[in-house]
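Here the structure comes first, spelled out in structure tokens, and everything after it is commentary.
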Amino acid sequence: IFTGEGDDLDGSVPLDAKGLWGGLIILGNAPINTSTGEGSIEGIPISEPRGIYGGNNEDDNSGILQYVSIRHGGTNIGEDNEINGLTLGGVGRKTTIDHIEVISNADDGIEFFGGTVNCSNLAVGLCGDDAFDFDEGYKGKCQFMFAYVNNQTGNHAAEHNGAPVAYGAEFYSRPVLYNCTYIGSGNEDSEYLITFDNNSEGIYRNSVFVNNKKGIAIEINPYENCFDNIENEKLILENNVFFDIEKNQPDSIFSAYPVSVSLSTEESYLANYFSSQQNLIDNTGIGIIGETINVLPATTVFSDMAAYDHPWFEEVSYKGAFGSRNWLEEWSAMWEYGLIR
């Protein structure tokens, strides 16, 4: 457990307390898409040479991180310079990261700055910004990802950034994500559950998205056009389940933006794309019940499962991050404090 110095782990610190300390930062030598191929990690002064990350080694190894709970972090060291719960900068695919919880961080829960690391069983809740953030050309694989966004303090379940044109990037963020469960706040003031910006690419398959006023926002403009990636099959969302997203209206679950201009053609394309990719609207039993979040589906077998496209993924017969077993049981704060069941 990583937590603030004053946390006695006996409940004296409320579950939603934030900013008691910094966060866990892991830096490696895998590729990132900045113009120099290196970067200075956010949350650390740029004068600190140990904050440099990035390189050419996709198989870089930063060690093993398993069954770790990261709680109440995110101290702000300056304007727009917060620390994430878990920051991964240029971390390579030989690194082992699984069964990680980030709870009540003041900034993002887990942010990927480039790199190729593959991760599984990641859980983020009650953070002050995004649960997951993919930047600087991250191109790893993730499976079994859970996010709960409380709109009173949080932003998106996932923010996907490729790279602004000014970067001159040779490649963009392209995470391949299977078996995600993202739960929104259900509030009228909620942000989009997922955003794709700045040429971002990627794949979501066999996932469950529930309980949010707004759905998935896909940027369209002449320079940083994620909509083109949908058409070119570089950005794929298929065989997922949606419920209580955009009032279960298929025509508006995927939205092109900016909304300040007419995008009727693009909106029509996205509505047809939603239907053709079998993104089903179905009540799985997952969601907020009173003050507790039910993460286990009412049934663990779903039809129209997308094939797992790489042997790294575990082939399962259910959509979302959980089947019949809650892998957060016993070791996580979310379980200990009764936030999830």
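In this label model, N283 and E336 are separated by 3.5 nm, measuring between points 7 Å along each Cα→Cβ vector. Considering only alpha-carbon pairs that sit under 8 angstrom and 6 or more positions apart, the relative contact order computed for segment 292-339 is 43 percent.
The length gained on full extension between D228 and W312, counted as 0.36 nm times the residue separation minus their Cα-Cα distance, comes to 27.4 nm. Most tightly packed first, judged by the mean number of other beta-carbon atoms within 10 Å of their residues, the peptides 276-283, 306-313, 38-45 read 38-45, 276-283, 306-313. About the centre of its Cα atoms, segment 125-167 shows a dipole size close to 200 debye [charges on the beta carbon of Lys, Arg (+1) and Asp, Glu (-1) only; nearest 20 debye]. 3J(HN,Hα) along segment 20-32, derived from phi through the Karplus expression 6.51 cos²θ - 1.76 cosθ + 1.60 where θ = phi - 60°, amounts to 7, 7, x, x, 9, 10, 10, 10, x, 10, 7, x, 10 Hz, with x in place of Gly and Pro. Averaging the sequence gap over all C-alpha pairs within less than 8 Å and six or more residues apart, then dividing by the number of residues, gives segment 26-129 a relative contact order of 29 percent. Distances between placed amide hydrogens fall under 5 Å for I25 paired with T87, all partners being 5 or more residues away or on another chain. As a length-normalised measure over Cα pairs under 8 Å and 6 or more apart, the relative contact order of the chain settles at 12 percent.
Projecting label points 7 angstrom from Cα along Cα→Cβ for S260 and E170 puts them 3.5 nm apart.
Taking 20 Å as the cut-off, the amide N atoms of segment 201-225 that come nearer than this to a point 7 Å along the Cα-to-beta-carbon line of T300 belong to 206-209. Across segment 139-149, rounded Karplus estimates of 3J(HN,Hα) from the backbone phi angles (6.51 cos²θ - 1.76 cosθ + 1.60, θ = phi - 60°) give 9, x, 10, 9, 9, 6, 10, 10, 9, 10, 10 Hz, Gly and Pro being marked x.
Every read-out reported here was derived from the displayed coordinates using simple, explicitly stated rules and does not represent laboratory data. These numbers come from a predicted model, not from an experiment. We place every Cβ from the backbone using ideal geometry, glycine too, and count neighbours over all the protein chains shown.
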